[in-house]
Amino acid sequence: MFTIGCHLSSSKGYEAMARTAASIGANTFQFFTRNPRGGRAKDISPDDVEAFETAAEEAGITRILAHAPYTLNPAAAKPETREFALMTLADDLQRMEATPGQLYNMHPGAHVGQGTEAGIQKITDALNQVLKPEQSTTLLLETMAGKGTEVGGTFEELADIISRIQLSDKVGVCLDTCHVWEGGYDIKENLEGVLEAFDRAVGLSRLRAIHLNDSKNPRSAHKDRHEVIGGGRIGLDALAAVTAHPALRDLPFYLETPHDEVAEYGEEIRALAAAREAML
Ligand code: FE
Ligand code: FE
Ligand code: ZN
């Protein structure tokens with residue numbers, strides 16, 4: 001089965017997201033846990049969660065992916081910025097238990113001139129504080145484009161972070177196709193080689209979700225500019241090949257492509273499903 005969806009607004013709650021996903025032919029979705037720039041999260045309504053469970057069952061939705069605010073920086077040099085990241089991560093992980101057993105994705109952080117090693121140490125210290133043995137959520141570290149001082153632009157950096165985490169069975173990776181492409185990995189001409197490199201560094205069993213995006217930029221641009229599927233430098237065929245690959249095809253896929261209308265994601269899902277089917 002093809003598990004695919006897109007990023008949806010969480011402003012109307014969980015049930016509304018499940019119904020919107022179903023309306024565009026999606027069977028999963030991604031959402032921000034709170035304003036993507038940070039700030040307070042709305043209280044989770046138990047009634048909404050109950051209604052979501054019914055709507056999700058009707059729509060065949062079993063997996064969902066929450067995304068942390070992208071401004072969080074557990075590698076920050078400023079103590080108050082880092083403290084805010086820790087508080088938000090801990091609060092989000094607690095809130096995730098309202099929908100047990102799901103995935104929570106975060107950008108590892110930016111070292112802001114302190115150097116990669118210092119950044120990795122701060123990120124792992126933060127994760128060692130917020131991860132709890134009793135949590136049912138798997139925390140995913142996203143592969144980054146290597147823009148600015150971002151940590152996680154190489155598979156080795158992600159592996160380094162994971163190797164220093166005590167509760168590493170709670171941690172996985174979300175691979176973003178636009179980010180790895182702009183980070184220098186040739187998923188268009190050499191998907192097999194990229195997956196081998198990932199397996200050597202991190203281990204393919206850690207890979208739990210895929211962000212499926214085309215890129216506005218040539219490979220190794222390190223800029224992080226998403227494009228609609230087929231409208232960018234990676235292309236529909238290479239991205240459909242990602243969804244059809246035996247090591248990846250059972251993972252959940254999430255579109256984070258630039259569209260104004262949610263229905264446009266439905267068209268993208270149908271185009272990908274058709275191209276994928278022809279490759280299986
Ligand atoms: Fe992201
Ligand atoms: Fe992403
Ligand atoms: Zn991105």
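The values are calculated or read from the model by the stated rules, or taken from the named source; none is laboratory data. This structure is a prediction, so every number in the text was calculated from the model and none was measured. No Cβ is skipped: glycine too gets one built from the backbone with ideal geometry, and neighbour counts run over all protein chains shown. SASA here: full protein model, heavy atoms, side chains in, ligands and nucleic acids out. Shrake-Rupley method; radii C 1.70, N 1.55, O 1.52, S 1.80 Å.
Rundown of residues vs (1) surrounded by 16 or more Cβ atoms within 10 Å (Cβ to Cβ); (2) among the small types (G, A, S); (3) assigned to a helix (DSSP H, G or I), yes/no style:
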| site | (1), (2), (3) |
| --- | --- |
| R233 | yes, no, no |
| L239 | yes, no, yes |
| V242 | yes, no, yes |
| F253 | yes, no, no |
| I269 | yes, no, yes |
| A275 | yes, yes, yes |
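Select from region 115-158 the residues that are of a type in the set (G, A, S), within 14 Å of ligand 3 (Cβ to nearest atom) and either within 19 Å of V202 (Cβ to Cβ) or outside any loop (DSSP other than H, G, I, E, B) (or both) and list them in ascending order.
Within region 115-158, A145, G146, G152, G153 meet the criteria.
Condition (residue is open to solvent by 20 Å² or more (accessible area, probe 1.4 Å), in a loop (DSSP other than H, G, I, E, B) and either without any contact (Cβ under 8 Å) to a residue 60 or more places away in the chain or of a type in the set (D, E) (or both)) applied to region 89-98: is it met by at least one residue?
Looking only at region 89-98, we keep the residues that are open to solvent by 20 Å² or more (accessible area, probe 1.4 Å), and these are 90-91, 94-95, 97-98.
Those still in the list that are in a loop (DSSP other than H, G, I, E, B) too: 97-98.
This time we only want the ones that are either without any contact (Cβ under 8 Å) to a residue 60 or more places away in the chain or of a type in the set (D, E) (or both), so: 97-98.
Looking through region 89-98, at least one residue is open to solvent by 20 Å² or more (accessible area, probe 1.4 Å), in a loop (DSSP other than H, G, I, E, B) and either without any contact (Cβ under 8 Å) to a residue 60 or more places away in the chain or of a type in the set (D, E) (or both).
Per-residue answers, yes or no, for (1) in contact with a Phe, Trp or Tyr (Cβ under 7 Å, 6 or more places away or on another chain); (2) within 15 Å of ligand 3 (Cβ to nearest atom); (3) in a strand (DSSP E or B); (4) open to solvent by 10 Å² or more (accessible area, probe 1.4 Å):
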site: G193; (1), (2), (3), (4): no, no, no, yes
site: S205; (1), (2), (3), (4): no, no, no, yes
site: R208; (1), (2), (3), (4): no, no, yes, yes
site: L248; (1), (2), (3), (4): no, no, no, no
site: Y265; (1), (2), (3), (4): no, no, no, yes
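Could you check region 70-88 and list, in sequence order, the residues that are crowded, with 22+ Cβ neighbours inside 10 Å and either within 16 Å of ligand 2 (Cβ to nearest atom) or without any contact (Cβ under 8 Å) to a residue 40 or more places away in the chain (or both)?
Matches in region 70-88: L72, N73.
Kindly establish whether A41 is modelled with pLDDT under 95, over 23 Å from G153 (Cβ atoms) and either of a type in the set (V, I, T) or assigned to a loop (DSSP other than H, G, I, E, B) (or both).
Working: modelled with pLDDT under 95: yes; over 23 Å from G153 (Cβ atoms): yes; either of a type in the set (V, I, T) or assigned to a loop (DSSP other than H, G, I, E, B) (or both): yes.
Yes: the conditions hold for A41.
Out of (1) open to solvent by less than 40 Å² (accessible area, probe 1.4 Å); (2) away from ligand 3 (no atom under 16 Å from the Cβ); (3) of a type outside the set (S, T, N, Q), what's the single condition that is false for H179?
Among (1) open to solvent by less than 40 Å² (accessible area, probe 1.4 Å); (2) away from ligand 3 (no atom under 16 Å from the Cβ); (3) of a type outside the set (S, T, N, Q), the lone unmet condition for H179 is (2).
Filter region 1-38 down to the residues that are in a helix (DSSP H, G or I) and buried (at least 16 other Cβ atoms within 10 Å of the Cβ) and list them by number. Outline the logic, then answer.
In the first step, residues of region 1-38 are kept if they are in a helix (DSSP H, G or I); the result is 14-23.
Passing the criteria: Y14, E15, A16, M17, A18, R19, T20, A21, A22.
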